[in-house]
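Taking it in order: structure first as structure tokens, then the write-up.
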């Protein structure tokens, strides 16, 4: 394969690189926190790889060579477009007696679960594996966005992909000592920004019967505008966030108060339909609303739920522009 790559066999090169598209997209997504940017950076990775094909000498695996290009493409992008999480007003956390400063990651986007199916390893490159739940969940993605880009790269390469300090140092043109120091700092910062009790979270996968029951109760209560039923579903310290709008509520009472205008009153959503999907290894609900005298239901947003036992502990809401990446319809037609 290395000979075909260096000799400029474009069809062979394209066929070989395409098998890595999905895992490279996940890698870029972890680095950037944005699904759209990750798609763009994978394309940039393949363009750079083609232009630099003569540099692949077969000393490392082709997969590792592509990861090096993808990581540096992401670092270049972050250098050109620096972004910093936004500190939210302290009052938004006061409802639950929070003492830590809340932050929001405005550019955070969900990742469709249908693109996270296990990636089968090959005989020659067995490192390709299924995407681990704990490294794709939204809380983790938001937390690592607080890291400086190179620290973020070190953390992902070492703790997520399992690269050695020497391999990571070679990719970043650094030293093992610098990599180990960066990893130590990154882990400390990550711990500060992950939610409390995260180590107690159960593994995510296909929703359990109990989770499906909670999901359907949530949809039914939302459709009815039943704030009492919704409050019963939320844990006392539940959190609701909505990037990129910087809307965030911490605590059951604050969440219900924030939802009040949309569910009750003259401007409330009264004719609602839902479609069930999944994002970042969590159940998700796409909401559509039909306005009076309209024939179609229009998309409103996507809610990604983290459910523990009989309660919802976190909801991350996204505006409807994420629907195309999930294959969700642009409208739903009225049915008799």
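Nothing in this text is a laboratory measurement; each read-out follows from the coordinates by a stated rule. Just so it is clear, the model here is predicted, and its values are computed rather than measured. Glycine gets a Cβ as well: all are built from the backbone with ideal geometry, and neighbour counts include every protein chain shown.
In whole angstrom, and with the biggest value first, how far do the Cα coordinates of region 209-333 range along each principal axis?
38, 34, 30 Å, listed from the longest principal axis down.
Using a Förster distance of 22 angstrom, determine the FRET efficiency expected from the C-beta separation of residue 79 and residue 320, and round it to 0.05.
0.10
Highest mean first, how do 230-236, 189-195, 153-159, 9-15 rank when packing is the count of other Cβ atoms within 10 Å averaged over residues?
Ranking, from highest mean packing down: 153-159, 230-236, 189-195, 9-15.
Please arrange 237, 79 by how many other C-beta atoms lie within 10 Å of their C-beta, fewest to most.
Fewest-to-most Cβ neighbours within 10 Å comes out as 79, 237.
With an 8 Å cut-off on Cα pairs and a minimum separation of 6 or more residues, tell me the relative contact order of region 15-82 in percent.
It comes to 35 percent, rounded to a whole number.
According to the square roots a ≥ b ≥ c of the eigenvalues of the Cα gyration tensor, what is the shape class of region 210-270, taking rounded for a/c under 1.5, prolate for a/b larger than b/c otherwise, and oblate for the remainder?
Oblate, because a/c is 1.5 or more while a/b does not exceed b/c.
Quick one: 175, 277, 71, fewest Cβ neighbours within 10 Å first, how do they rank?
Taking fewest neighbouring Cβ atoms as first place, the list is 175, 277, 71.
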